[in-house]
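S.K.: This is the structure, below, for whatever I ask next.
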Amino acid sequence: MPASSHHVPAKRAPRAPKQAPPRVAPDTGSLQDVRNAAHDCRACPLWANATQTVFGDGPDHAPVMLVGEQPGDQEDRQGHPFVGPAGQLLDRALAEAGIARDDIYVTNAVKHFKWEPRGKRRLHKKPGDAEIAACHQWLERELELVAPLLVVAMGATAARALLGKATPVEANRGRVMPYLAEMQLLVTVHPSYLLRVPDDARAQAYARFVQDLRLAAAFAKPKR
Ligand code: URA
């Protein structure tokens, strides 16, 4: 029999577990320990279609923590928050408000990219309450360990995650309010919103965002 006609049993790939055990945030250890644990998070199904967990970035004891919604396409590929188009707009607004991005901690309410295919593109899908709740453990540990003086909720998803209830952005933006034991909270719009505002309203919407961030500038000098 010619060699080619031999039936060679296909090498069977090791069977992947249907769902790996959920990972929970360790309640001790450093920020890096928590970041490492989040790497394997299976607390909700979003990990399955994402490239990687996108944890927060910035100094361990930053005085200001910015919280967005969830990583986008670029963040999912690069593994860092706010590095895509919304991140570029955020960087510009921070600079105009007098805040050095390197001095602050930037993270998201949800740490995996939720998307749906649209042709060849991966279209952003808003995370739901269950995903926000499943991911809250990581945000909570970031808040405890970084212990910022000011937390900035950018957009409705971040405000919901931080306040535990639906919180309208327009009615609450632009003022610093008490938050948790020793923090303050500022609500503002999400930078992606500014990318979608009609041309004739964009300059004004952007100026209001910078004005909100100026309130954060007062807190943003390195504290330790
Ligand atoms: N939008 C977010 O909410 N977070 C990111 O990291 C990028 C875009």
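S.K.: For residues that are more than 16 Å from the ligand (Cβ to nearest atom), basic (K, R), outside any loop (DSSP other than H, G, I, E, B) and open to solvent by 70 Å² or more (accessible area, probe 1.4 Å), tally how many sit in region 112-167.
M.R.: Residues in region 112-167 being more than 16 Å from the ligand (Cβ to nearest atom), basic (K, R), outside any loop (DSSP other than H, G, I, E, B) and open to solvent by 70 Å² or more (accessible area, probe 1.4 Å): 1 in total.
S.K.: Return the pairs, sorted by first residue and then second, in which the second residue is of a type in the set (A, V, I, L, M) and not in a helix (DSSP H, G or I), the first residue lies in region 24-51 and is free of Cβ contacts under 8 Å to residues at least 60 places away in the same chain, the beta carbons are less than 9 Å apart, and the residues are 6+ apart or on different chains.
M.R.: Note: pairs meeting the criteria are A37/V24; A37/A25; D40/A20; R42/A20.
S.K.: Related question: So, T188, is that one buried (at least 20 other Cβ atoms within 10 Å of the Cβ), within 19 Å of the chain's Cα centre (by Cα) and either modelled with pLDDT under 95 or under 27 Å from V24 (Cα atoms) (or both) or not?
M.R.: No: the conditions fail for T188.
S.K.: Looking at region 75-95, can you tell me whether even one residue there is more than 10 Å from the ligand (Cβ to nearest atom), of a type outside the set (V, I, T), touching a Pro at 6+ places or on another chain (Cβ under 8 Å) and under 23 Å from A48 (Cα atoms)?
M.R.: no
S.K.: Being more than 11 Å from the ligand (Cβ to nearest atom) and in a loop (DSSP other than H, G, I, E, B) is the filter here, so list the residues in region 56-74 that pass it.
M.R.: G58, P59, D60, H61, A62, P63
S.K.: Among the residues of region 84-98, is any in contact with a helix residue (DSSP H, G or I) (Cβ under 8 Å, 6 or more places away or on another chain) and over 21 Å from L186 (Cα atoms)?
M.R.: Yes, that holds for at least one residue.
S.K.: So A38 passes all but one of these: (1) more than 14 Å from the ligand (Cβ to nearest atom); (2) open to solvent by 70 Å² or more (accessible area, probe 1.4 Å); (3) under 27 Å from A166 (Cα atoms). Which condition number does it fail?
M.R.: Failing condition for A38: (2).
S.K.: If the requirement is being farther than 20 Å from T107 by Cα, open to solvent by 60 Å² or more (accessible area, probe 1.4 Å) and under 22 Å from the mean Cα position of the chain (by Cα), which of these qualifies: R202, R214, R196?
M.R.: R196
The values are calculated or read from the model by the stated rules, or taken from the named source; none is laboratory data. Since this is a predicted model, take the numbers as computed values, not measurements. Don't worry about glycine lacking a Cβ; one is built from the backbone with ideal geometry, like all the others, and counts go over all protein chains shown. When the accessible area is computed, the model is the full protein with side chains, heavy atoms only, and any ligands, DNA or RNA have been set aside. Shrake-Rupley method; radii C 1.70, N 1.55, O 1.52, S 1.80 Å.
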